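Here's the structure we're looking at; comments come further down.
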Amino acid sequence: LKIIFVTGTNGKTSIAYSANKLFNINGVKSCYIGTIGFYINSKKIKKLKNTTPSYFELLNLIQIANDNHIKFVFMEVSSIGYCEGRIGNLMYDYCILTNLKSDHLDYHKGIKEYHSAKINLIKRHKLKNSILFLQDDNLKNKFKYFKNKLFTQGKFLSNNKISIVNRSFDKYLIITKNKTYKINSFNDFMIKNIITVLMFYKRITKKFPLRINETLFPPGRSEIIYNKKNKVIIIDYAHSKDA
């Protein structure tokens, strides 16, 4: 059973939920622990009070996952959860860092302290061979100690010759050498999240997924709930000023 920490300011839920879903629809057993609950193979098992539950609850959820022969646990890890000791001595096999912006300053008292919490979380909970995936290439200088265990989205796009085409207001194409994925979203940030999920999936399975469908997006994240008569209503949930 492999543990994947998903952390960062924006996109934790979208990436952790979508990665779990993508593995499921392509026949790999996985689970999700985060803001919108505990899911095993895309089925919601229970609600959770916090993005990152208490340490004992986490251990219990991981045990349930193990009993269900789960191979990958996608876990949202918040800076507050880390500072309060909720992840205990759990170590990750893989970590995905989305970005470092401004968030939870009421708790951390400053952006420097907030960023330090994220960086320390990644440093102190890695195993010897843990792999780090970065959505934001500008952060790679902060993690030089990963050496050849560091993968960035920019390098992934160039190495695999992936192009992103915006067809219209809410339609994108992600084009690889052998596949084209159609994504309905108005938000290019959601496309970045999908690319990050593809980067992780390709690294683990050594291939691109057979398919991506609309159920990858979690509810309430840049979700178009009405799009008729030249009117668009969108619901988005996040703590940051971007949302």
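The values are calculated or read from the model by the stated rules, or taken from the named source; none is laboratory data. Given the structure is predicted, the values throughout are model-derived calculations rather than measurements. Reconstructed Cβ throughout: ideal geometry from the backbone, glycine too, with neighbour counts over all protein chains shown. With ligands, DNA and RNA removed, areas are computed over all heavy atoms of the protein, side chains included. Shrake-Rupley method; radii C 1.70, N 1.55, O 1.52, S 1.80 Å.
Which value in nm describes the separation of the simple spin-label points at PHE56 and THR205, placed 7 Å from the Cα toward the beta carbon?
Simple spin-label model gives 3.8 nm for this pair.
Solvent-accessible area per residue for the chain at a 1.4 Å probe radius, Å²? Present the calculation step by step, with values, prior to reporting the outcome.
Values: 12460 Å² over 243 residues.
Ligands and nucleic acids excluded, the result is 51 Å² per residue.
With only Lys, Arg, Asp and Glu charged, each at its Cβ (+1 for the first two, -1 for the last two), find how big the charge dipole of the chain is about the Cα centre; round to the nearest 20 debye.
860
Carbon and sulfur atoms: what percent of the 1.4 Å accessible area of the chain do they account for? Show your work: numbers first, answer last.
Details: 6210 of 12460 Å².
C and S atoms contribute 50 percent here.
What is the gain in length, in nm to one decimal, between ASN230 and SER168 on full extension, counting 0.36 nm per residue of separation less the C-alpha to C-alpha distance? Don't skip to the end; give the middle numbers.
On the way: separation 62, 0.36 × 62 = 22.32 nm, distance 1.39 nm.
Roughly 20.9 nm would be gained on extension.
Whole-Hz Karplus ³J(HN,Hα) for the range 174-180, in order, using 6.51 cos²θ - 1.76 cosθ + 1.60 and θ = phi - 60°, x for Gly and Pro?
Couplings: 10, 10, 10, 4, 10, 9, 10 Hz.
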